[in-house]
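Just below is one structure, and these are the notes that go with it.
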Amino acid sequence: MKQEPPLVRDLFPELVAELATLLEEEGEHWLAICVWDVRMVAECGCGDDFCQSIRTAEHTPGQPYGPGHRCVPLLPATGDLILDVVNGRIMYIEILDRPPLRQRVQP
Ligand SMILES: [Zn+2]
């Protein structure tokens, strides 16, 4: 059985709490619930200093998401947080110009 990637909320609880709050403020109640269950499939990997984006679903980089895709830009106090959502599923969390993510120390 393939092991599931880790939950983003286990790695970056503060980030997920902030995303959930911002999504509620945007009226995205469904996504505010879903964001607690997204998994860290991979880092963005673009190598840009200002980018800490997270892939939360399997998707071939560079390919269009196709129909059902929408962007959900949020309004954080600093930097940019933008979700890519396809048919209600969070595919990608764009995290730009943000202070370094604080990873919870593993016990
Ligand atoms: Zn990137």
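Just so it is clear, none of the values below were taken in a lab; they were calculated from the coordinates. Bear in mind the structure is a predicted one, so any value in this text is a computation, not a measurement. Every residue, glycine among them, receives a Cβ derived from its backbone with ideal geometry; neighbour counts consider all protein chains shown.
So the values come out like this:
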{"quantity": "Selection count where residues are assigned to a helix (DSSP H, G or I) and touching a residue at least 40 places away in the same chain (Cβ under 8 Å), scope segment 1-26", "calculated": "11"}
{"quantity": "Members of segment 27-36 found to be part of a loop (DSSP other than H, G, I, E, B) and either within 11 Å of the chain's Cα centre (by Cα) or among the acidic types (Asp, Glu) (or both), listed by number", "calculated": "Glu28"}
{"quantity": "Qualifying positions in segment 49-58 - without any contact (Cβ under 8 Å) to a residue 40 or more places away in the chain and not in a loop (DSSP other than H, G, I, E, B)", "calculated": "Arg55"}
{"quantity": "Positions within segment 49-80 being exposed (fewer than 11 other Cβ atoms within 10 Å of the Cβ) and either over 24 Å from Asp10 (Cα atoms) or more than 16 Å from the ligand (Cβ to nearest atom) (or both), in sequence order", "calculated": "Glu58, Thr60, Pro61, Gly62, Gln63, Pro64, Gly66, Pro67, Gly68, Leu75, Ala77, Thr78"}
{"quantity": "Count of segment 59-107 residues which are within 19 Å of Cys44 (Cα to Cα), touching a residue at least 60 places away in the same chain (Cβ under 8 Å) and assigned to a loop (DSSP other than H, G, I, E, B)", "calculated": "3"}
{"quantity": "Enumeration of residues in segment 37-48 that are within 10 Å of the ligand (Cβ to nearest atom) and either part of a strand (DSSP E or B) or touching a Gly at 6+ places or on another chain (Cβ under 6 Å) (or both)", "calculated": "Glu43"}
{"quantity": "Failed item in (1) more than 22 Å from Trp30 (Cα to Cα); (2) within 15 Å of the ligand (Cβ to nearest atom); (3) of a type in the set (Ser, Thr, Tyr), with Tyr92 passing the rest", "calculated": "(1)"}
